[in-house]
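The values are calculated or read from the model by the stated rules, or taken from the named source; none is laboratory data. Being a predicted model, the structure only gives us computed values, none of them experimental. All Cβ positions, glycine included, derive from the backbone under ideal geometry; neighbour counts span all protein chains shown. Only protein heavy atoms, including side chains, enter the accessible area calculation; ligands, DNA and RNA are left aside. Shrake-Rupley method; radii C 1.70, N 1.55, O 1.52, S 1.80 Å.
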Amino acid sequence: MYPALNPPMPTATDLAPRLLKLLRPRLRLVAPDAPIPLDEDLSRLGLDSLESIDLLMDIETEFGRPLPDDKVTVDTFATAASLLRLIEEVAE
C-alpha cells in the first residue's frame with residue numbers, strides 16, 4: 001500500500017490540543033489542572049505581551065509555518081479561539 005500523497009488537513013480538533021499545550025505554561029492565572037476556556041480573554045488568564053511574542057514563535061515552530069505579519073494582531077491574540085482560527089487558516 002502506498003502512503004497518501006495528500007494527507008488530510010488537520011482540523012480544529014487536531015490543532016486545539018497542540019495550541020493549548022503551548023498556552024498552558026503562559027497562563028499564570030489558570031490552575032495547572034483547570035481547563036483553558038477557548039473564548040476567554042487570554043490577558044485575563046495571565047498572558048502578557050512578552051509571553052505573546054514567545055507564544056508566536058512557539059506556534060510557528062510547532063505548526064511549521066509562519067503566521068502572516070498582517071494577521072498577528074491584538075485581536076488574534078485575544079483568545080485561544082481566535083489563535084486557533086488563524087492556525088487553521090494558515091494550515092490550509
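If I filter the range 65-82 for residues that are out of contact with any helix residue (DSSP H, G or I) (no Cβ under 7 Å at 6 or more places or on another chain), without any contact (Cβ under 8 Å) to a residue 12 or more places away in the chain and surrounded by 12 or more Cβ atoms within 10 Å (Cβ to Cβ), do I get at least one hit?
Checking the range 65-82: at least one residue is out of contact with any helix residue (DSSP H, G or I) (no Cβ under 7 Å at 6 or more places or on another chain), without any contact (Cβ under 8 Å) to a residue 12 or more places away in the chain and surrounded by 12 or more Cβ atoms within 10 Å (Cβ to Cβ).
Determine, yes or no, whether ARG44 is outside any loop (DSSP other than H, G, I, E, B), open to solvent by 70 Å² or more (accessible area, probe 1.4 Å), modelled with pLDDT of 95 or more and over 17 Å from GLU89 (Cα atoms).
Spelling it out, it is not the case that ARG44 is outside any loop (DSSP other than H, G, I, E, B), open to solvent by 70 Å² or more (accessible area, probe 1.4 Å), modelled with pLDDT of 95 or more and over 17 Å from GLU89 (Cα atoms).
For GLU60, indicate whether it is out of contact with any Lys or Arg (no Cβ under 9 Å at 6 or more places or on another chain), open to solvent by less than 80 Å² (accessible area, probe 1.4 Å), farther than 13 Å from LEU15 by Cβ and assigned to a helix (DSSP H, G or I).
yes
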